[in-house]
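Report on the following structure.
Since every read-out is calculated from the coordinates, none of them should be taken as a lab result. These numbers come from a predicted model, not from an experiment. Positions of Cβ are generated from backbone atoms using ideal geometry, with glycine treated the same way; all protein chains shown enter the neighbour counts.
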2 protein chains.
Amino acid sequence: MKGSVNIGICGLGTVASGLVNIFADNAGLLGQRSGGELRLTHIGARRDNPLCDVSGYKVSRDIFDVARDPAVDVLVELIGGTTVAKDLIETAINHGKHIVTANKALIAEHGNALFALAESKGVALRFEAAVAGGIPIIKALREGLAANRVSALAGIINGTGNFILTEMAAAGRSFDDVLAEAQALGYAEADPTFDIDGTDAAHKLVILASIAFGIPLAIDAPFKEGINVVTAKDLEYAADLGYRIKHLGIARAVGERIDLRVHPTLIPQDKLIATVDGVLNAIMVQGDAVGELLLIGPGAGAAPTASAVGADIVDLARELTVGQRCTVPPLGVAAADLVRRDLVPKEEVESAWYVRLMADDKPGVMADITRLLGAEGISIESLIQKSPRAAESRVPVIILTDRARGDAIERAAANISALPAVHGDLTKLRVENFQGS
Amino acid sequence: MKGSVNIGICGLGTVASGLVNIFADNAGLLGQRSGGELRLTHIGARRDNPLCDVSGYKVSRDIFDVARDPAVDVLVELIGGTTVAKDLIETAINHGKHIVTANKALIAEHGNALFALAESKGVALRFEAAVAGGIPIIKALREGLAANRVSALAGIINGTGNFILTEMAAAGRSFDDVLAEAQALGYAEADPTFDIDGTDAAHKLVILASIAFGIPLAIDAPFKEGINVVTAKDLEYAADLGYRIKHLGIARAVGERIDLRVHPTLIPQDKLIATVDGVLNAIMVQGDAVGELLLIGPGAGAAPTASAVGADIVDLARELTVGQRCTVPPLGVAAADLVRRDLVPKEEVESAWYVRLMADDKPGVMADITRLLGAEGISIESLIQKSPRAAESRVPVIILTDRARGDAIERAAANISALPAVHGDLTKLRVENFQGS
């Protein structure tokens, strides 16, 4: 029995500073909950961070010194990125360290190889903080719902995107305007591409789906559409129809296949996840036993992310302090039990649709549009022609359809766009009710 | 290494039938997630249940046969109650079985002794299903938030009560009317006393608070007030003021003491927990690192409760299949590290208040009421005198106060009641904003 566990941290950005502060503030609690002493002993960082005091710890400017430190039991990787971080974790695993990371891109892109390496070396690799910050969704899916066959999950898993959509909806502001504010507030990165185009959400969705369905991580899989296709007008029209628009990561079992996608989605406003606003994250899970769960909380930030990292550390330490190994596989089942499943191409995925277009305000146009939808077998649930603005002859047309395949709506949209009376691009957004999926 | 784990179930009511069905439907999954074979081998029940097929299992009419069965590794107690269930669990522990139970009353009332017995025999005792059905809140608090110092939690932890308040609010129906419907729908027991008077919620709150604050279970602790003090009018007036009324279990750290109470509570309607309706449960947790989390899901029912029981079984089996012991203490820290903390008497607990009374519609009455509140140092945030009904000289008066101690509001209420112009009892409900607590 070891009795104590030594922690090394690599990287000293905001999350790491939050973690150092948790060790300072809650050391006694962490020890009690770990069943032994939990010691932060070694920090690897190119420079100090004024947000935390590291004077009591050994600090190395070469982060690989931590990975090779014989005294370190658990290495916490908080440097981010997928190149040096990967080398660092591989080095640490090869030196027998257990790993805790908050790095969603690394897990999504290289998790299969890293998990295999960790398994071969008999060490654990944990990543609760990689998805939805402080919400313990990895643990909930992997352990709390272990008796369930998950049928679907849907998550608001990018706080920046949710903040932008929320502000656009509340104040009718433009995307560019709110994005600039989000950057000024520190919610969005200087280069916000991954938040905007769905890449960040796709990384997280891939991780969630792997655990939910017992499939290997497959980062190239999800269909991605960013929030930049949504305008303030869409949010307003959706609200008029009783919907909110949220940027969702969605994973569903469809027969033997998996439907995996990230896109702006209309959700009925009386569905709780539709009311989760601002930088909050939320994940809805539907399982055959549990029914539907919804977990809501802060998806980013130093302290919430450090909370998740800290939980992983305590989990490992509970076993290590008594000389046991960690028995929970990274994705909930042993690597050998993961089963690759085909993805449903987006062309085949059925859902209801919201379609917006600009058309001339004259007789016969609506008949043409509805005919072209009907030709693809698409039923219309509602069609609203807005009043024209003064001195304009073009009007916005908003259509809600019944369930239709992606390729059917694409063909109909192309044909509608080709009408002389229709101008500019059509906006097509999926509508999800999440009933009995 | 054992490789396989044998499960015995005692009791064959709705939850047990849900669990038997999970074993039938998800056997392969359970085995993969357990890291070995998970076998349901022995069921103890006085009679069969048409909701599940037990023909493949050994069935004993004496449930103690399961507790003494040398082949059983984990005994699942689903008979309920606090007498036979206690004997059964003690017998099983003394025979070296690990225990999984959904029995909140038993854990709340006898958990300290049962945990000590289990610890002395080196077996685990798990109870995820005892609180909030399918929501994995025990695991979230005990493990997912292990790096946090919890400052407060608040939960809608009785689905029957939430259903009744939701229906009363939606349709302006009376308590008795909705209760009768809840009984007809099977949401409320034939004797609904424990759901109505807060006893059931208090049991669950005691369990949550013990984990959140590392205190021994103390069932006599919480102040309890049931939902039967709330009228449809209160729900309507609260809504007019921007509030919903929910029956909450609340636990807060107040300096070195703990504030523990169960009562109908006004919550601002823009707070997410205020919008959780029907039979759903929800638990909000505030921690120093995570900030605020909200978990929402089904709090009762056969399948959701069985989902939680199944998660406990898989947790145990992951360790047992490889010959390890379960390292997570029942309340998150070892029994020796639990620290008894004084409770804040309800007289000292501060909150804002909603006060409703009937008064004569004549000059000077409002002045008398506000003077009596002021004499106790209670500031008024708003005071609304409703219009009198035709041919009535009495009017409802609704007061929202600033924060005031329980004893101050009691004294003010007694003095106001004694005014000749005030008739009948005052209704006094606490208002909680859950900001920065």
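A few points about this structure:
- The B:Ser4 and A:Glu37 beta-carbon pair, evaluated with R₀ = 41 Å, returns a calculated FRET efficiency of approximately 0.70.
- Size of charge dipole - the protein assembly as shown - debye, nearest 20, with Cβ of Lys, Arg +1 and Asp, Glu -1, no other charges: 1060
- DSSP-defined beta bridges in chain A - what % are antiparallel, rounded to 5: 65
- Shielding by partners - mean other protein chain Cβ count within 10 Å, residues of B:180-193: 0
- Cα-based shape type of chain B, given that a ≥ b ≥ c are square roots of the gyration tensor eigenvalues and the cut on a/c is 1.5: prolate
- Shape category assigned to the protein assembly as shown from the gyration tensor of Cα positions, a/c cut at 1.5: rounded
- Sequence ranges B:225-238, B:257-270, ranked by mean other-Cβ count within 10 angstrom, highest first: B:257-270, B:225-238
- Taking label positions 7 Å along the Cα-Cβ direction at both B:Ser379 and A:Asp53, the computed distance is 3.6 nm, reported to one decimal.
- Averaged over A:304-316, number of beta-carbon atoms from partner chains that fall within 10 Å: 5
- Taking the C-alpha atoms only, the angle from helix A:159-171 to the longest principal axis of chain A is near 40 degrees.
- Degrees between helix B:14-25 axis and first principal axis of chain B (Cα, 0 to 90, nearest 10): 50
- If both residues of a DSSP beta bridge must be in the protein assembly as shown, then about 70% of such bridges are antiparallel.
- In a simple Cβ point-charge model (Lys, Arg +1; Asp, Glu -1; nothing else charged), region B:145-298 has a dipole of about 520 debye relative to its Cα centre.
- Only DSSP H runs of four or more residues enter the estimate; each adds -39500 (n - 2.57), and after division by the residues of the protein assembly as shown the mean residue ellipticity at 222 nm equals -10000 deg cm²/dmol.
- Within 10 Å of the Cβ of each residue in B:281-293, the mean number of Cβ atoms contributed by other protein chains is 6.
- FRET efficiency estimate (nearest 0.05) - Cβ-Cβ, B:Gln435 to B:Glu256, R0 22 angstrom: 0.45
- Between region B:15-82 and region B:154-233, the alpha-carbon centres lie 30 Å apart.
- Computed from point charges on the beta carbon alone (+1 for Lys and Arg, -1 for Asp and Glu), the dipole magnitude for chain A about its Cα centre is near 620 Debye.
- Selection from A:Leu241, A:Pro268, A:Leu293 lying farthest towards where the dipole of region A:143-297 points positive, charges on Cβ: A:Leu293
- The angle between the Cα long axis of helix B:175-185 and the longest principal axis of the Cα atoms of chain B comes to about 20 degrees, rounded to the nearest 10.
- Sequence ranges A:124-132, A:194-202, ranked by mean other-Cβ count within 10 angstrom, highest first: A:124-132, A:194-202
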